[in-house]
Amino acid sequence: MLLNNFQQILTAAKNLPKKRVVVALAQDDDVIEAVLRANKDGLADFSLVGDKKKIYDIAEKLNGDISGCDIIKEMDYEKSIRVAVDMVSSGYAHILMKGMVQTPDLLRVVLEKESGLRTGGILSHLSILEVPNYHKMIIITDGGLNISPDIKQKAGIVQNAVEVAHALGNEMPKVAVLAAIELVNPAMQATIDAALLSKMAERGQIKKCIIDGPLAMDNAISKIAAQHKGIKSDVAGDADILLVPEINSGNILYKTLAFIAQAKSCGLVAGAKVPIVVTSRADSYETKLLSIAVASILQNKQV
């Protein structure tokens, strides 16, 4: 079944077998509020690593019952990350979640050979958004991890996003490869990469999706804009996935939609053996809750 809004995603996640989420450095108000809500709704079980007293204090401030969670006292920043990663590596936990840690610090430990969480492919960040005035959910990638990916990395980033779209019920997602213009310009590498990715999809090098590009943002999401420019494309005006040229444009696009357009959103890192919930520390508890729900669906699809 195609899950096309976050209410459907939450309902679907509640009906799945519960997975265990481990949070590295969990002593954050929005993280604990998301955990309390997710625990109450039966979305997941939780192990919280970090400052035990602060975790209990935050839960008390929020009038929440956190007694059903495992709480592992670890005051050291680096050790907190390693404890959380080890719990996933051992199979005790199934989803890794970022608390009050820097994303590069968390992923550095994830990528260590000893963690056993690498798959051989690229790790990439994706944002899933429910945007007012757009007719379906949309995935933006990669606005949070890979700084300036080359064509090979972009192909892997697309494949990660496609697999997430499949898990959410979209069997043939439409991928718009974004650039500033919709024509190939040898002076603009993003347009060259877009054309190559489109051809790679045609030849089956990137599977189970439709890719078109280069497409400017207006052409990717507006059929009217595409028609005005004479663009004939199955993707234009109906994109499921937006592949951005590099991290700056992706980060700006995501935050513009989330903070100005009031889009609901969640954030994940895909490409590891388990889903990794990675949201901005400025994101609300709702964003973190929705990220847990999507991660639960992904992990249930993987097993």
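Read-outs throughout are calculated quantities, based only on the coordinates presented, and are distinct from any laboratory measurement. Just so we're clear, the structure is a prediction, and the values are computed from it rather than from any experiment. Cβ placement follows ideal geometry from the backbone for every residue including glycine, while neighbour counts extend to all protein chains displayed.
Below are the figures for this structure:
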item: Label-reachable residues, the stretch 167-192, where backbone N falls under 20 Å from a point 7 Å from residue 151's Cα toward its Cβ; result: 175-192
item: Distance violations [Cα-Cα > 27 Å] among 40/255; 53/255; 19/154; 61/98; 98/199; 19/73; result: 40/255; 53/255; 19/154; 98/199
item: Members of 54/79; 232/288; 229/301 lying beyond 28 Å, as alpha-carbon distances in this model show; result: 232/288; 229/301
item: Order by protection proxy (mean Cβ within 10 Å, highest first), peptides 221-228, 264-271, 61-68; result: 264-271, 221-228, 61-68
item: Angle between the chain longest axis and helix 77-89 axis [Cα atoms, degrees, rounded to 10]; result: 80 degrees
item: Estimated FRET transfer efficiency (residue 29, residue 189; beta-carbon r; R0 41 Å; 0.05); result: 0.45
item: Set of aspartates and glutamates with alpha-carbon distance to residue 207 below 13 Å, sequence-local pairs under 8 removed; result: 163, 171
item: Helix axis angle, 247-259 relative to the chain longest principal axis, alpha carbon, degrees; result: 70 degrees
item: Descending Cα extents along the principal axes, the stretch 1-112, whole Å; result: 42, 36, 22
item: C-alpha long axis of helix 52-61 to longest principal axis of the chain, angle in °; result: 80 degrees
item: The stretch 120-271: C-alpha gyration tensor shape, a/c 1.5 cut-off, then a/b vs b/c; result: rounded
item: The chain, helix-only ellipticity at 222 nm - DSSP H runs n ≥ 4, -39,500 (n - 2.57), divided by all residues, nearest 500; result: -12500 deg cm²/dmol
item: Point-to-point label distance, residue 284-residue 218, nm (Cα→Cβ direction, 7 Å offset); result: 3.1 nm
item: Once the Cα gyration tensor of the chain is diagonalised, semi-axes √(5λ) in Å; result: 35, 20, 17
item: For the stretch 205-252: rounded, prolate or oblate by the Cα gyration tensor [a/c cutoff 1.5]; result: oblate
item: Spacing of the two label points (7 Å from each Cα toward its C-beta) at residue 301 and residue 60, in nm; result: 4.2 nm
